[in-house]
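Following: one structure in structure tokens, then a few remarks.
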Amino acid sequence: MSLFVANYRSPNASGERSRGLFEFESEARLGSKANAHDARVKMLELYGNDALSWTIEDIKHKPKKTSGAQADGQMELDFREPLKEPPKRRRSTKRGVV
């Protein structure tokens with residue numbers, strides 16, 4: 001099963017406006033009706049009757065943690081020489097002349 005993050009919000013006219021996100025698991029592909037259904041069911045499990053009028057705005061994959069990308073929060077420095085820009089092509093100003 002894959003982990004997803006869904007963003008929800010309440011209608012503009014509601015008395016108590018709410019907005020947030022939650023995580024859920026689903027076997028369905030991102031963007032499918034089954035995935036949206038799983039998100040809706042999880043939202044109703046978490047928030048109950050308050051969430052009946054809420055809408056799910058966006059569903060994304062939860063980013064996986066990559067170990068070794070940075071060591072102790074230290075960024076990596078690049079000491080290579082910068083690339084040289086290619087020379088600009090000369091263009092003819094006489095268009096349509098043979």
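The values are calculated or read from the model by the stated rules, or taken from the named source; none is laboratory data. Owing to the predicted nature of the structure, the values given are computational and were not obtained by experimental measurement. Methodologically, a virtual Cβ is constructed for each residue, glycine included, from the backbone with ideal geometry; neighbour enumeration extends over all protein chains shown. Side chains included, ligands, DNA and RNA excluded: accessible areas come from the protein's heavy atoms. Shrake-Rupley method; radii C 1.70, N 1.55, O 1.52, S 1.80 Å.
Taking only region 50-65 into account, find how many residues are open to solvent by 100 Å² or more (accessible area, probe 1.4 Å) and either part of a helix (DSSP H, G or I) or among the small types (Gly, Ala, Ser) (or both).
Residues meeting the conditions: 2.
Of all residues in region 35-49, which are of a type in the set (A, V, I, L, M), open to solvent by less than 50 Å² (accessible area, probe 1.4 Å) and more than 18 Å from the chain's Cα centre (by Cα)?
Once the filter is applied, which keeps residues that are of a type in the set (A, V, I, L, M), open to solvent by less than 50 Å² (accessible area, probe 1.4 Å) and more than 18 Å from the chain's Cα centre (by Cα), region 35-49 yields only MET43.
Given the criteria of a type in the set (A, V, I, L, M), assigned to a strand (DSSP E or B) and either open to solvent by less than 60 Å² (accessible area, probe 1.4 Å) or free of Cβ contacts under 8 Å to residues at least 60 places away in the same chain (or both), does LEU21 qualify?
yes
Search region 4-18 for residues being at pLDDT 95 or above and aliphatic (A, V, I, L, M), and hand back the single one that is least open to solvent (accessible area, probe 1.4 Å).
Checking each candidate, the answer is ALA6.
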